[in-house]
Structure formats: C-alpha cells, structure tokens
Amino acid sequence: MTVDALADALTDVTGVRVGHATRTGEGWLTGTTVVLAPDGGAVAAVDVRGGGPGTKETDALDPRNLVQKVDAIVLTGGSAYGLDAAAGVMAWLEEEGRGVPVGTDPAHVVPVVPAACVFDLGRGGEFRARPDAATGRAAVEAAAASEPGSRVQEGCVGAGTGAAVGPLKGGVGTASTVLASGITVAALVVANAAGSVTDPETGVLYGELFQGRVTYPEQHVHDAARRRLAETAAENAPPPLNTTLAVVATDAHLSKAQAQKLAGTAHDGIARAVRPVHLLHDGDTVFALATGGHQLAAENPLALNEILAAGADMVTRAIVRAVRAAEPASGPGGSWPSYEELYGSGNR
C-alpha cells in the first residue's frame with residue numbers, strides 16, 4: 001500500500017537534493033548529475049552488474065571497509081574521462097567542510113564521492129567535449145541551491161543529456177513512493193542502455209507492462225516506428241557502448257549491508273525495463289543511499305523486504321519516465337528519435 005509522494009522524485013527523501021549541469025550545442029551533448037546527501041551524509045552502498053563499468057570510489061562502499069557515509073554521488077557523461085567531474089564536487093565539499101575528518105583541524109576532511117559514468121562520447125560531434133571538474137562543481141552547486149523536496153528535471157539533462165537506449169533517445173528519470181509504514185523509497189536513473197526498452201512486436205515500453213494496463217500503439221504507427229528505428233540503427237555506426245545508472249534512496253535506517261542489498265535488488269528494476277540487460281557493453285551500476293530518518297519496525301520482519309521491492313519498482317518507473325521525457329537529438333555523431341516522437345504522448 002502506498003500514498004502519493006510530493007514530487008514523485010528522489011528529492012522526496014528528506015534532505016536529498018539533485019543538481020544537473022548540461023552542455024549542448026557546438027559539439028556538446030553531455031552533462032553531469034549530482035545527488036547531494038543531507039548534512040552529515042548518508043549510508044551508501046553500490047552494486048555493479050554491467051560488463052563495462054566506469055566508476056570511482058566504489059570500493060569505499062563495501063560494507064567491510066571504513067567509510068560509513070558519503071556526502072554526494074556523481075553520475076556523469078563522458079565515459080571514464082567524465083569521472084573528472086567528481087573532482088569538482090570534492091572541491092566544493094571540502095570548502096563546505098564536509099567529508100571524512102582526517103585531523104584535529106575541522107577543515108581537514110577528505111570527501112568520499114563515489115561516481116559512475118555513461119558512454120556518450122562523440123554523440124554531440126566532438127569526442128573531446130566531455131564533463132570535467134567545472135561541470136561537477138556546477139552540478140553540485142545547482143543541487144545545493146535547490147529547495148528541499150523540489151521537483152527534478154527529467155529527460156535530456158545532466159548525465160542523461162547524451163544518453164541513448166538502443167536506437168532511441170534516453171535520459172534522466174525519477175520516481176518515488178511512500179510505503180504504508182511512512183518510509184519513502186525513491187530512485188533516479190540515467191537510461192543509457194545497449195538493450196531495448198520497447199517490445200519489438202508491439203512498441204510498448206517493457207517497463208509499462210509492470211505498471212498495469214497499457215494502451216498498445218496502432219499497427220501502422222508501430223510499423224512506421226520500426227522502419228525509422230531500423231534506419232537510425234544503420235546510420236549510427238559506432239557499436240553500442242552504454243550503461244544504465246541509478247541511485248535508490250530511502251529515509252529508512254539501514255546498515256551498509258542492508259543498503260548493499262537494496263542496490264542489488266534494484267537491478268531487477270532495470271531488468272524489467274530493458275532487454276537484454278547487464279551486457280558486456282553496459283556498465284550498469286546502482287547506488288543506494290539511506291538517510292536514517294525511520295527505524296525499521298521490529299515487529300514487522302518483512303519491513304526490509306518492502307523497501308527492497310519498492311526500490312526495484314521505482315527504478316522501473318524511473319526508466320519509463322526517462323524515456324517518456326527524452327527529446328530527439330541529432331548531430332555528426334548520429335541521430336536518436338524519441339519514444340514520444342515515434343509513438344505519441346497518448347500511448348500511455
């Protein structure tokens with residue numbers, strides 16, 4: 001049982017903020033998204049299942065290791081080059097005095113900023129047009145300046161600017177729910193998969209098949225879409241180098257081990273919305289954040305299971321919203337029609 005969330009976004013988890021930095025035009029089609037934890041940080045974990053991940057500081061999130069909390073998570077375009085964006089986030093956090101204390105001086109901190117990247121190199125035309133430390137700083141400053149609980153821009157923004165899902169345009173999506181217990185579970189996703197998000201026989205989004213009744217596109221609409229997608233796939237010569245990234249957050253009090261389980265089960269949400277998934281050309285990575293505002297009910301042994309199930313559900317919904325919100329893009333690096341362009345917003 002759920003009740004309506006306020007923004008239906010990751011920011012419904014109290015204290016969590018999201019900021020985008022987007023670069024488009026003149027050879028640019030990329031960006032960075034920063035998830036900023038509340039003051040004092042949040043318990044964090046990660047689960048990597050793609051065969052070609054690009055990550056930073058993920059070992060620190062192992063439950064066996066020292067670090068218990070993080071202050072921010074960076075999702076970025078630019079493949080491994082784009083991980084430089086995390087340096088800008090670290091610099092901002094250091095200025096704010098946020099990080100792991102490493103001495104008697106309160107200013108002596110080392111921010112732990114896990115990061116993961118998607119492949120979008122050359123999609124705007126310029127291979128060297130990719131996020132850097134300045135992009136990361138712009139994204140974290142946008143997050144810090146946002147109002148608590150504010151809505152999160154979706155579609156071709158931040159790390160989803162140059163995203164693609166198969167031959168379709170991808171992007172950023174987010175969703176949230178409030179459980180009957182009062183615990184909030186939310187997800188933010190960068191949909192950039194090598195696999196497909198649509199059923200080839202009907203054109204329906206796989207993820208929507210798990211959300212109840214769907215309206216199937218008329219056959220002539222689907223036939224025209226398939227022809228367009230086949231043409232696009234032939235034009236976009238580079239191999240599918242992709243990755244779906246997600247951050248799942250909750251205001252429940254979780255240990256690092258429990259948060260790691262949340263990150264792992266959240267991958268089920270990707271598998272429902274993308275087929276095939278976790279390929280060698282994907283770097284699928286899910287982070288989990290737990291801010292600790294709600295204790296799990298001791299009298300309910302299934303309380304954690306409810307959070308795990310909701311995390312996967314929110315990832316599926318967020319992928320659907322990312323694809324629905326995406327806008328078509330084209331440039332010297334190729335062209336990517338959007339789902340709405342092909343099938344229309346009435347197909348929901």
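The values are calculated or read from the model by the stated rules, or taken from the named source; none is laboratory data. Just so we're clear, the structure is a prediction, and the values are computed from it rather than from any experiment. No Cβ is skipped: glycine too gets one built from the backbone with ideal geometry, and neighbour counts run over all protein chains shown. These area figures cover heavy atoms from the full protein model, side chains too; ligands, DNA and RNA do not enter into them. Shrake-Rupley method; radii C 1.70, N 1.55, O 1.52, S 1.80 Å.
Quick notes
- When every residue of the stretch 231-243 is checked against the conditions, none turns out to be among the aliphatic types (A, V, I, L, M), closer than 27 Å to ILE307 by Cβ and surrounded by fewer than 22 Cβ atoms within 10 Å (Cβ to Cβ).
- Residues in the stretch 69-81 that are open to solvent by 60 Å² or more (accessible area, probe 1.4 Å) and within 19 Å of the chain's Cα centre (by Cα): ALA80, TYR81.
- Filter result (under 30 Å from ALA37 (Cβ atoms) and hydrophobic (A, V, I, L, M, F, W, C)) within the stretch 206-240: PHE210
- Meets criteria (surrounded by 17 or more Cβ atoms within 10 Å (Cβ to Cβ) and within 19 Å of the chain's Cα centre (by Cα)) for ALA116: yes
- Verdict on THR55 being modelled with pLDDT of 95 or more and touching a Gly at 6+ places or on another chain (Cβ under 6 Å): no
- Of the candidates VAL274, VAL315, the single residue that is at pLDDT 95 or above and touching a strand residue (DSSP E or B) at 6+ places or on another chain (Cβ under 6 Å) is VAL315.
- Residue match in the stretch 153-176 (condition: of a type in the set (A, V, I, L, M, F, W, C) and either closer than 19 Å to THR265 by Cβ or without any contact (Cβ under 8 Å) to a residue 40 or more places away in the chain (or both)): yes
- If you go through the stretch 314-342 and keep only what is within 16 Å of LEU168 (Cα to Cα), assigned to a helix (DSSP H, G or I) and in contact with a helix residue (DSSP H, G or I) (Cβ under 6 Å, 6 or more places away or on another chain), you end up with ILE319, VAL320, VAL323, TYR339, LEU342.
- Only a single item in (1) touching a Gly at 6+ places or on another chain (Cβ under 8 Å); (2) surrounded by fewer than 17 Cβ atoms within 10 Å (Cβ to Cβ); (3) among the small types (Gly, Ala, Ser); (4) closer than 21 Å to ALA72 by Cβ is not met by ALA246, and it is number (2).
- Residue satisfying condition, being open to solvent by 20 Å² or more (accessible area, probe 1.4 Å), among the polar types (S, T, N, Q) and either at negative phi or in a loop (DSSP other than H, G, I, E, B) (or both), within set THR215, THR177: THR215
- Matching residues in the stretch 121-149 - criterion: being of a type outside the set (A, V, I, L, M, F, W, C), in a loop (DSSP other than H, G, I, E, B), modelled with pLDDT of 95 or more and touching a strand residue (DSSP E or B) at 6+ places or on another chain (Cβ under 8 Å): ARG130, PRO131, SER146
- Members of the stretch 322-342 found to be crowded, with 22+ Cβ neighbours inside 10 Å and hydroxyl-bearing (Ser, Thr, Tyr), listed by number: TYR339
- First in the stretch 28-41 and closer than 16 Å to ALA134 by Cα and free of Cβ contacts under 8 Å to residues at least 12 places away in the same chain, second anywhere and surrounded by 24 or more Cβ atoms within 10 Å (Cβ to Cβ) and charged (D, E, K, R), Cβ under 8 Å, 6 or more apart: none
- Single residue of the stretch 153-174 satisfying the filter (open to solvent by 10 Å² or more (accessible area, probe 1.4 Å) and either among the hydroxyl-bearing types (Ser, Thr, Tyr) or in contact with a Lys or Arg (Cβ under 9 Å, 6 or more places away or on another chain) (or both)) that is nearest to PRO200 (Cα to Cα): PRO167
- Inspection of the stretch 296-313 identifies at least one residue that is charged (D, E, K, R), more than 14 Å from the chain's Cα centre (by Cα) and outside any helix (DSSP H, G or I).
- The stretch 255-301 - residue that is surrounded by fewer than 20 Cβ atoms within 10 Å (Cβ to Cβ), among the small types (Gly, Ala, Ser) and in contact (Cβ under 8 Å) with a residue 12 or more places away in the chain and, of those, nearest to LEU168 (Cα to Cα): GLY264
- For first residues located in the stretch 82-109 and exposed (fewer than 12 other Cβ atoms within 10 Å of the Cβ), partners that are of a type in the set (Val, Ile, Thr) and lie 6+ apart or on another chain with Cβ distances below 6 Å form the pairs VAL102/VAL110.
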